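The values are calculated or read from the model by the stated rules, or taken from the named source; none is laboratory data. The shown structure was predicted, so the numbers you read here are calculated from the model rather than taken from an experiment. Virtual Cβ from ideal backbone geometry, glycine too; neighbours counted across all protein chains shown. We work out accessible area using only protein heavy atoms, side chains counted, and drop any ligands, DNA or RNA first. Shrake-Rupley method; radii C 1.70, N 1.55, O 1.52, S 1.80 Å.
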Amino acid sequence: MNKVRIARCDLEASEIALGCMRIASLSNQDIATLIHTALDEGINFFDHADVYAGGNSEKSLLKHWT
């Protein structure tokens, strides 16, 4: 996966982002599989705006992140 350096810092993000707008409707297992598959493929840029599904998409993502 190609990475893009973020300006003025030492961070790099994947050129492809995983959109998480609808993950709140997935099962816990499906969310875990989605996240781990993305990471395994080199995706480290997750679009998880706090307004998606009234904040529940972000909560679902963060619950599985740790």
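Every residue, every condition in (1) in contact with a Phe, Trp or Tyr (Cβ under 8 Å, 6 or more places away or on another chain); (2) of a type in the set (D, E, K, R); (3) modelled with pLDDT under 95, yes or no:
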| site | (1), (2), (3) |
| --- | --- |
| Met1 | no, no, yes |
| Leu11 | no, no, yes |
| Ser14 | yes, no, no |
| Ala24 | yes, no, yes |
| Val51 | no, no, yes |
| Trp65 | no, no, yes |
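Taking the stated definitions as given, is Ile31 hydrophobic (A, V, I, L, M, F, W, C) and more than 22 Å from Ile6 (Cα to Cα)? Outline the logic, then answer.
Numbers: hydrophobic (A, V, I, L, M, F, W, C): yes; more than 22 Å from Ile6 (Cα to Cα): yes.
The answer is yes for Ile31.
Which of the residues belonging to segment 8-53 are part of a helix (DSSP H, G or I), out of contact with any strand residue (DSSP E or B) (no Cβ under 7 Å at 6 or more places or on another chain) and in contact (Cβ under 8 Å) with a residue 12 or more places away in the chain?
Keep residues of segment 8-53 that are part of a helix (DSSP H, G or I), which gives 23-25, 28-40, 52-53.
Those still in the list that are out of contact with any strand residue (DSSP E or B) (no Cβ under 7 Å at 6 or more places or on another chain) too: 23-25, 28-37, 39-40, 52-53.
Matches in segment 8-53: Ile23, Ala24, Ser25, Asn28, Ile31, Ala32, Leu34, Ile35, Tyr52, Ala53.
When residues of segment 1-36 are filtered for being open to solvent by less than 60 Å² (accessible area, probe 1.4 Å) and either polar (S, T, N, Q) or over 15 Å from Lys63 (Cα atoms) (or both), how many remain?
Total satisfying the criteria: 7.
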